[in-house]
1. If we keep just the residues of the stretch A:167-184 that are β-branched (V, I, T) and touching a residue at least 24 places away in the same chain (Cβ under 8 Å), which is farthest from A:A251 (Cα to Cα)?
2. Which is within 14 Å of B:V100 (Cβ to Cβ) and either buried (at least 21 other Cβ atoms within 10 Å of the Cβ) or within 14 Å of another protein chain (Cβ to nearest Cβ) (or both), of B:L147, B:L209, B:L126, B:L142?
3. Restricting to the stretch A:42-63, what's the tally of residues that are over 22 Å from A:F196 (Cα atoms) and not hydrophobic (A, V, I, L, M, F, W, C)?
4. Given the structure, is A:L15 within 14 Å of chain B (Cβ to nearest Cβ) and modelled with pLDDT of 80 or more?
5. Across the stretch A:233-248, what is the total count of residues that are crowded, with 18+ Cβ neighbours inside 10 Å and either closer than 30 Å to B:G58 by Cα or over 24 Å from the mean Cα position of the chain (by Cα) (or both)?
6. For the list (1) away from chain B (no Cβ under 14 Å); (2) buried (at least 19 other Cβ atoms within 10 Å of the Cβ); (3) of a type outside the set (D, E), I need the number of the one condition that A:A98 fails.
7. Looking only at residues that are buried (at least 20 other Cβ atoms within 10 Å of the Cβ) and in a helix (DSSP H, G or I) in the stretch B:108-117, which one is farthest from the other protein chains (Cβ to nearest Cβ)?
8. Out of B:V85, B:V81, B:V35, report the one residue that is at pLDDT 95 or above and surrounded by fewer than 22 Cβ atoms within 10 Å (Cβ to Cβ).
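The values are calculated or read from the model by the stated rules, or taken from the named source; none is laboratory data. Predicted model only: the values in this text are computed from it and were never measured. Cβ sites come from the backbone with ideal geometry, for glycine too, and all protein chains shown count toward neighbours.
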Amino acid sequence: MIRRGRALRAIPTLLRVGVAETVAYRAEFLVWILTTTLPLVMLGLWTSVASEVPFQSGSGKPYSSADFVAYYLSVLIVRNLTGNWVAWQVSEEVRMGAMSMRLLRPLHPFVAYSMSHLAAVPFRSLVALPIAGALLISSGASVLTREPLQLVLLVPSIALAWLITFSLQFTLGALAFFVTKTMALLNLYFLMFSLFSGYLLPQDLLPGWIASAAEVLPFRYTLGVPVELMTHELDGGRVAALMLYQLAWAAVSLAMALWAWRLGVKRYEAVGG
Amino acid sequence: MIRARELAKHFRVHKRPPGFSAAVRSLFHRRYETVKAVDGVSFTIERGERVGFLGPNGAGKTTTLKVLSGLLHPTSGEALVEGHVPARRQTELLQKITLVMGQKSQLIWDLPPADTYELNRAVFDLPRAEYRKTLDELTGLLELGPLLGKPTRQLSLGERMKCELAAALLHQPTTLFLDEPTIGLDVAMQLAIRDFVRSYNQRHEATVLLTSHYMDDVVALCPRIIVIDAGKLIHDGDLRGLIKAMDPDKRVSFTLTERVADEELAKIGALLARDGVRITLRVPEREIPSVVGHLLGELRVVDLAIEDPPLEEILRVMFGKAKQEAAP
């Protein structure tokens, strides 16, 4: 209880320092924003294809250019709010021994990293979100959902997507305790994320087996679900199921992250120094 | 209090010969070797003691400090620091200890040290008034004033080290693990840090375990030294006792006003060094009064110093012996 109270009291300062770190390098900050714009490329590609050939999903739902615009701009927004690179950071700090300094502080690194990444979210979104929002309202608003239930659940869904992404990334980073270099694993993660999350294609346009796999894998719940809540008309049962899956994956991925850390930190070699 | 009993830390290390073909072979077949970085070390350090931890490179000093500060889990044996098992990294322990590593930084690289201090205040849950008082005190003692607002990456090594010390001591730990805290610093800065550590130890009755390649640090700060080599403890005791046991002879250094032949000097003591008229002789302790009398009476001497042999020399002999004994 005391420890939890201490962590809670530390949060405002952790966020303040996180913000200061985020804005320390202005040029890098802008370049990073540009790297999150892959959905805009996909948007350009698919809207031009959809203007030539009529598209429809496996369930028979037609996809117009406006649908693609709404989908990919929603992807851009959700990705900006939930994306992070903590796996790379944890992995490098373990490999280079810089983790030692974090371990000397009486605060679980999961909390320290998460606050530092949360602090970056508003700044990363500073440029991308207003542009995406404006474009979405001007060209794709007609296909955005107006379902009150979906709109209400959008905020918790994005929060859960963030937690799942962060926890999975933290787990991958903690694997550095076991295999030292995890870059290949990170690439594999990004490949699977791109395929199964809805980052490259909406889930209902994916081939059957990939769509089925996406249903049970965690990636869809890191991006696809909030995007679908924004862009699809879903019935109440489906919304409840998606939210429950998302909640379950949040619990599982958080448990995995803490477990991987607990096991891994015993193998830490604290190189250098 | 710090206690280590039969403490051991072994690492499994991948070994391969140099070259391209060995690199390719290692993809399919890897050879591992167990390195005994710390191999059954036992000692107890009481509260308020200042202990120098010495050994050649790779002797296991830093590994021992990392085990004692909870960064590494020991392979076997026991460690107890301030009544806690370090590997558990309990908040109560982390609140009482600190580890300063000369080659690792806890300061946030892109931000001024003041931000790291603020972060530590929050993480260590320090009351603001107490934090402010400690920071003011450290700022005064270490002359940090102009450095607090400069990004860490723009600080010189000496400036950074002073800021590191402050970051490590903000929570007023009572056990200090200092691993090469003066590495790369100029003499003035080394002296400043040495004085600071001594005064911190006295004011807080803090236990200090120090490793340093600068023997002057150890001689000036640590009445007791622990020496390890190849992971094993080879000496634990007071510094003067070690020097006496290893080399009881004194070093007599003096400057002559005119040249004297080596043969003449050899009658007084063993000639260790000669730089023109600056001479260093090795003389048994019991002969010191007669040698000094002779120097002052018979030769023209402008200055005279009688010292213990340098610790570096003692350790060189000691590590050489340990190596010979370990050889098959």
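1. Pass one, the stretch A:167-184, residues β-branched (V, I, T): A:171, A:179-180, A:182.
Those left that are additionally touching a residue at least 24 places away in the same chain (Cβ under 8 Å): A:171, A:180, A:182.
Working: A:T171: 13, A:T180: 26, A:T182: 24 Å.
So the residue we want is A:T180.
2. Numbers: B:L147 fails: within 14 Å of B:V100 (Cβ to Cβ); B:L126 fails: within 14 Å of B:V100 (Cβ to Cβ); B:L142 fails: either buried (at least 21 other Cβ atoms within 10 Å of the Cβ) or within 14 Å of another protein chain (Cβ to nearest Cβ) (or both).
Unique residue meeting the criteria: B:L209.
3. Of the residues in the stretch A:42-63, the ones over 22 Å from A:F196 (Cα atoms) are A:48, A:51-54.
Imposing the further condition that a residue be not hydrophobic (A, V, I, L, M, F, W, C) reduces the set to A:48, A:51-52, A:54.
Within the stretch A:42-63, residues that are over 22 Å from A:F196 (Cα atoms) and not hydrophobic (A, V, I, L, M, F, W, C) number 4.
4. Values: within 14 Å of chain B (Cβ to nearest Cβ): yes; modelled with pLDDT of 80 or more: yes.
Against the criterion (within 14 Å of chain B (Cβ to nearest Cβ) and modelled with pLDDT of 80 or more), A:L15 qualifies.
5. Number satisfying all stated conditions: 0.
6. (1)
7. If we take residues in the stretch B:108-117 being buried (at least 20 other Cβ atoms within 10 Å of the Cβ) and in a helix (DSSP H, G or I), then B:P113 is farthest from the other protein chains (Cβ to nearest Cβ).
8. Numbers: B:V81 fails: surrounded by fewer than 22 Cβ atoms within 10 Å (Cβ to Cβ); B:V35 fails: at pLDDT 95 or above.
Being at pLDDT 95 or above and surrounded by fewer than 22 Cβ atoms within 10 Å (Cβ to Cβ) holds for just one of B:V85, B:V81, B:V35, which is B:V85.
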